[in-house]
Amino acid sequence: MKRIYLMPGMGAGSRIYRHIRWPAGYEIFPMEWLMPQSPREPLGAYTERLIRHYAVAPGSILAGMSFGGVIINEMSRQLPAAGLIFISTVKTHRAFPPRFALARNTGLWRLFPYGLITRPERLAPWMPTRALRKRLQLYADYMSMRDAAYFRWAMRSILHWRGDVPAVAYVHIHGTADRIFPYGRLTGELKPVEGAGHLALMTHPRRVSALIADFLKDF
């Protein structure tokens, strides 16, 4: 039986996949974020620890949302994977919007209000629209990591990440209204979720489930 390992988005728990319907014949193995061993732990070393911690089996399918997509990309460099499921993420650092380079080059990422990031529900009342307030609260409900040291490490890691499209079968599912990783900047084959934002996994689970099932039918 094929195994599918799930990596959630930054700070989120694997419950973020709870509404996805997986085809029969697959064992599902949720993964959770580990605390970094140091503020500058290399992403490759962190990913290696995840592989050991969850005993990720070679030849498995790896799924990752947002920063979790970067993680499974790194995993595929360290062990052979049968396939990758990218959701609301990027396959290469070249798809990052310009503000990522600005934050990295100026060091602005160090000034982020990490105390608030760990409690996004506190920001919800300040969002300009009801839809944004609901989506921020939705993500807050699925957060499992609320340590500021983790978020500083994660922000530094993604801003300094350098990676390319892996040489393995993949599907890239992405909302056309994603503001974190704009759809128009992405390259390669894409499976759009029309009108969905960065949280397509939660707001459009039926569409995401159908696209995953279509990809998995070839395994």
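Bear in mind these aren't lab numbers, they're just calculated from the coordinates by the rules spelled out. Owing to the predicted nature of the structure, the values given are computational and were not obtained by experimental measurement. When we count neighbours, we look across all protein chains shown, and the Cβ atoms used for this are built from the backbone with ideal geometry, even at glycine.
Structural remarks
- Segment 21-108: Rg to Rh, with Rh as the Kirkwood radius over Cα pairs: 1.01
- Using 0.36 nm per residue and subtracting the Cα-Cα separation, the extra length available between Leu102 and Arg15 on full extension is 28.1 nm.
- Virtual spin-label span in nm between Arg52 and His160, 7 Å along Cα→Cβ: 2.1
- Förster radius 30 Å - calculated FRET efficiency between Asp218 and Ala148 (Cβ-Cβ, nearest 0.05): 0.10
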